[in-house]
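To start, the structure itself, in structure tokens.
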There are 2 protein chains.
Amino acid sequence: MASGSGDRKYDPNKFRKYTFDTEPIPRLHCYHPDTDRLIANERPVVITDTHLADTALKWDLEYLAKHLGSGQHTVYRSKTHKFKYYDEKKIKNLPSFTPPTQVLRMTFAEFLDKLRNPGKDRYYLQQALNDTVGKQLVLDYLGFNWDYVNEQQRKFKWGPLTSNLLLVGMPGNVTPAHYDEQQNFFAQLRGYKRVLLFPPEQFGCLYSHPIHSPHDRQSQVDFDAPDLARFPRFREVRGHKVVLGPGDVLYIPMYWWHHVESLVDSEVTVSVNFWYKGGTVDKIEYPLSIQQKVAIMRNIEKMLLEALHDPDQMAPLLCDIVKGRYDL
Amino acid sequence: MASGSGDRKYDPNKFRKYTFDTEPIPRLHCYHPDTDRLIANERPVVITDTHLADTALKWDLEYLAKHLGSGQHTVYRSKTHKFKYYDEKKIKNLPSFTPPTQVLRMTFAEFLDKLRNPGKDRYYLQQALNDTVGKQLVLDYLGFNWDYVNEQQRKFKWGPLTSNLLLVGMPGNVTPAHYDEQQNFFAQLRGYKRVLLFPPEQFGCLYSHPIHSPHDRQSQVDFDAPDLARFPRFREVRGHKVVLGPGDVLYIPMYWWHHVESLVDSEVTVSVNFWYKGGTVDKIEYPLSIQQKVAIMRNIEKMLLEALHDPDQMAPLLCDIVKGRYDL
Ligand SMILES: [Zn+2]
Ligand SMILES: [Zn+2]
């Protein structure tokens, strides 16, 4: 058995330390009845024994070097341990924006060279699994337990699979807290990653960047040095935590905030995301779910940006709506 | 000449005193070229010599008693000098709302009795001019200078006339600051009214009630005792002022805030509003006008209320959008 809760080798002292409390995420066998219940309620759960990506458990650096293909892959470079995502399409009209990481295109061989000869910079390969990968990797991909995920997709009425992202990260790399607008089965293949999750109810404590920002959906709060004067409700934040090892599959519900770190001094980590569109709601019921409220907040920001044609006018207008009128 | 700037009899010491500075509104002949320029730019102006409602200058209490008709008219009763408008349709789901005035239905004879035997309560007749009025009043109405207002409507591309409201108020009555979503020619017939106007740019200083409130479009600020802790930007408010006498017509542009007071110890005041729908915009240009921004703010509030189905959820959601994200 390649996965399961036994045989997990990591040093719990190699986690980064943060200011907030966390509670563990349940870790359950895929046939356990609570697993379905949690997913149906859009609560995170580590699912064991799915055999979802058993054919990829052998995807170490040597194997990927041989089979990932000789094309150019997307690799991010950072001067810190943090790889905060930004949307390049949203940079265009923001000359003042300084990208915190650089997007590079390089072969896997070049990436491997960066990993083996570490300098001051850190690297993180984030490449969609598409038809540029080599034939053996395609076979491994086709050997994924599609029966399992297709069944989950049907059962929970998710939309189509949109992409699989392959992540190859240096030990200590951190993907700071953000939320995605898709359902995610996060399959850990090599090494250990700690994931911190926060429910969408904590939207007000995590201060996502404005919608027009390249950092849309990312928290503005630096977990290493939270600015509590600017972000006072970060004090209220409470997380859920889990350490994922090879064979583990974490269900990251849509709109749940997540922070992902490859363990410090661990080996290189390899993971694959399975992203699905959310389901459609047949009949709207009241009160709305928190997920629906986050969607509404995003729509308000989008419509306002669309109407004003100028991000700089959003703050004064929103303040005029709220101040002295909808303050708590 | 029934109107014009001469022959204006009122005691300037009979105005109520407020905390903010005001500057006078221009007072111009209807043929003065600046009059058109001001209206085209949606700036307030007192227009003289329009002869708009000359046939109504004789509408004193005796005349109205005889000709307004024997039907029931809408009369507001207030325990204070303030008659703050509220929308009865929006009270239904707000059991905690206490109306600041009572809406009564009474004949003009009954209203006249209230005026002639004053008690502690104040009264304000606000009756749409419709087909319930007597024949002589209809003739007076048909004798208004419709050529003049139709020409203005055409010139400034306004929509249709929606209503004429007849206002008969006791001396000292105040209609607190609010804005309307229509263009208004405010014709003064009897007695003197002071009008204070504030441009739509001061939306953020005047703190309109939330959209779901029966007091939607009314300022939350009590001009007699402004709560500067709750409404700090009221300190920034700067008004425009004018005293209207018989024959004067004030153009109150759409979205301009206005506060109207019948002079203390003056005679009973009689006025008629001419409300027109705003024009439609052919081509949206950027940056948007402040009027367009106020319309957008109203739409955001409306859509949010529509989406949430619960006014109580609006404040927390709007605060989550703004705080630490779009604060200034
Ligand atoms: Zn993510
Ligand atoms: Zn008004």
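The values are calculated or read from the model by the stated rules, or taken from the named source; none is laboratory data. Just so you know, these numbers come straight off a predicted model, no measurement behind them. Reconstructed Cβ throughout: ideal geometry from the backbone, glycine too, with neighbour counts over all protein chains shown. All accessible areas refer to the heavy atoms of the entire protein, side chains included, with ligands and DNA or RNA removed. Shrake-Rupley method; radii C 1.70, N 1.55, O 1.52, S 1.80 Å.
A few points about this structure:
- Take each residue in A:293-300, count the other chain C-beta atoms within 10 Å of its C-beta, and the mean is 4.
- Region A:12-277 - share of DSSP beta bridges that are antiparallel (%, nearest 5): 85 percent
- Accessible surface area normalised per residue over region B:12-277 is 43 Å², counting heavy atoms of protein chains with a 1.4 Å rolling probe.
- Averaging 1/r over each pair of different alpha-carbon atoms in region B:46-146 and inverting the result gives 15.6 Å, the Kirkwood hydrodynamic radius.
- Annotation for residue B:13 and residue B:265: the two label points, set 7 Å from Cα along the Cα-Cβ direction, are 0.7 nm apart.
- Value of Rg to Rh for region A:142-290 (Rh from inverse mean 1/r over Cα pairs, i.e. Kirkwood): 0.99
- Most mobile of A:318, A:166, A:244 in a GNM of chain A (Cα contacts under 10 Å): A:318
- Nearest-0.05 FRET efficiency for residue A:96 and residue B:283, computed from C-beta distance (R0 22 Å): 0.10
- Within the accessible area of the protein assembly as shown (1.4 Å probe), percent carbon and sulfur: 51 percent
- Cα point-scatterer Debye curve for chain B, base-10 log of I(q)/I(0) at q = 0.15 Å⁻¹: -1.41
- Charged-residue dipole, Cβ positions (Lys, Arg, Asp, Glu), region B:39-87 about Cα centre, Debye nearest 20: 380 debye
- Cα convex hull volume per residue for region A:154-226 (Å³): 148 Å³
- The antiparallel fraction among DSSP beta bridges confined to the protein assembly as shown stands at about 85%.
- Those residues of region B:196-213 for which accessible area with every protein chain present is at least 10 Å² below the isolated value (1.4 Å probe): B:203, B:204, B:207, B:208, B:210
- Lys/Arg +1, Asp/Glu -1 at C-beta; chain B dipole; positive extreme among B:272, B:183, B:85: B:85
- Per-copy distances of the residue B:26 label point, shortest first, in nm (7 angstrom along Cα→Cβ): 7.3
- Neighbouring Cβ atoms from other chains, within 10 Å of the Cβ of residues in A:311-321, number 6 on average.
- Gaussian network model of chain A, springs between alpha carbon atoms under 10 Å - residue of A:43, A:27, A:230 with greatest fluctuation: A:230
- All-pairs alpha carbon distance profile, the protein assembly as shown, 20 Å steps from 0, percent: 16, 37, 23, 18, 7, 0
- Out-of-range pairs (alpha-carbon distance over 21 Å; input B:89/B:114; A:14/A:114; B:66/B:114; A:82/A:241; B:84/B:157; A:14/A:193): B:89/B:114; A:14/A:114; B:84/B:157
- Pairwise burial A:B, computed as accessible area of each alone minus the pair, summed, 1.4 Å, Å²: 3600 Å²
- Size of electric dipole in region A:12-277: Cβ of Lys, Arg +1 and of Asp, Glu -1, about Cα centre, debye, nearest 20: 600 debye
- Rounded to the nearest 500, the 222 nm mean residue ellipticity of the protein assembly as shown from helices alone is -6500 deg cm²/dmol, with -39,500 (n - 2.57) taken per DSSP H run of at least 4 residues.
- Neighbourhood net charge (10 Å Cβ-Cβ; Lys/Arg +1, Asp/Glu -1) for residue A:263: 0
- Shielding of A:231-239 by partner chains, average beta-carbon count, 10 Å: 1
- Inter-copy label distances for residue B:160: 4.8 nm (label point placed 7 Å from Cα along Cα→Cβ; shortest first).
- Net charge dipole size for the protein assembly as shown [Lys, Arg +1 and Asp, Glu -1 on Cβ; Debye, nearest 20]: 660 debye
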